Amino acid sequence: MKIDTNEMRQVAVTAQQRLDMYAGIHKGIRAMMADTLLAAGRMDVEDALELAQTTERVLQLLDFCASHLAHENEFVHPAIEARAPGASDRIAHEHEDHERHIAAIGAAVAALRAAAPAQRAANALELYRALSLFAAENFQHMHVEETAHNAVLWARYTDAELAEIHGRLLASIPPAEMMVAVRWMVPHMNPAERAGMLGEARQNAPAPAFQAMLDTVRPHLSAGEWDKLARALAL
């Protein structure tokens, strides 16, 4: 599905008024990808601990991306296909490509970890380049979802219906995965988005779970960002 410049502009305007299932999680994924890519680029392969920690971060990113694909496949794509058959075909095929890339990058991590010292720099560069391409493909992919897919969803579903779909998706996410999502999403949202997400969480989550979210997020906010959040939530 293609969407032209005028349609993209209209989607941007509409996004301020409609429920957007993609916006928050995609900000988190972009941040996690960028941060992991930078870490892979500056990794010291002669430092065993740094090598282990950085490659583990890559594997964590791959696991998170695989789970994200599965959630969209299970909840979002069926909703699109139910009222606009064929509209999710392009993205569904890209999801299959991403699954193959995830497996290939995982194999590159294993090769780097098993490499002889003289081979590590070359393997690390290969991993870095593969991760760069994966991030680039995903950035374009997420843009299509945020524009073309949202346009389809908003034209065919009310916000109440979208909230029900999104609620079922969120309920399917295990607590550990949710905390990873919170850690990357919330610090990279703007203040209004940040307060809105955590305000909703406070209404729907048990108090200990909400406090765990705050504890997870606070180290990644500046003093000014935390003050704005605290005021918005009357903490």
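The values are calculated or read from the model by the stated rules, or taken from the named source; none is laboratory data. Worth saying up front: this structure is predicted, and the values here are computed from it rather than measured. Cβ coordinates were reconstructed from backbone atoms using ideal geometry, including for glycine residues, and neighbour counts include every protein chain displayed. In case anyone asks, the SASA skips ligands and DNA or RNA and just uses the protein heavy atoms, side chains included. Shrake-Rupley method; radii C 1.70, N 1.55, O 1.52, S 1.80 Å.
Observations, loosely collected:
- Taking the helices alone, the chain has a mean residue ellipticity at 222 nm of -25000 deg cm²/dmol, built from -39,500 (n - 2.57) per DSSP H run of at least 4 residues and averaged over all its residues.
- Here's the picture: charge each Lys and Arg Cβ at +1 and each Asp and Glu Cβ at -1 in the chain, and of ASN204, ALA163, ALA136 the one pushed furthest to the positive end of that dipole is ASN204.
- Region 70-133 and region 16-41 have Cα centres separated by 15 Å.
- Full extension of the chain segment joining GLU99 with GLU50 gains 15.0 nm, where the gain is 0.36 nm per residue of separation less the Cα-Cα distance.
- Derived scalar couplings between HN and Hα for region 109-125 equal 4, 4, 5, 5, 5, 8, 5, 5, x, 5, 9, 4, 4, 5, 5, 5, 5 Hz in order, rounded to whole Hz, by the Karplus curve 6.51 cos²θ - 1.76 cosθ + 1.60 (θ = phi - 60°), x for Gly and Pro.
- Inter-part distance where region 137-175 and region 189-212 are each reduced to a Cα centre, Å: 19 Å
- Solvent exposure of region 134-208 amounts to 47 Å² per residue of accessible area, where only protein heavy atoms count and the probe is 1.4 Å.
- In a fully extended conformation the segment linking GLN203 and ARG30 would gain 59.6 nm over its present Cα-Cα distance, using 0.36 nm per residue.
- A simple charge model with +1 on the Cβ of Lys and Arg, -1 on the Cβ of Asp and Glu and nothing else charged puts the dipole of the chain at about 460 debye relative to its Cα centre.
- Surface share of carbon and sulfur [accessible, 1.4 angstrom probe, percent] for the chain: 57 percent
- Spin-label zone in region 126-162 - amide nitrogen under 20 Å from a point set 7 Å from the Cα of LEU38 along the C-beta vector: 127-140
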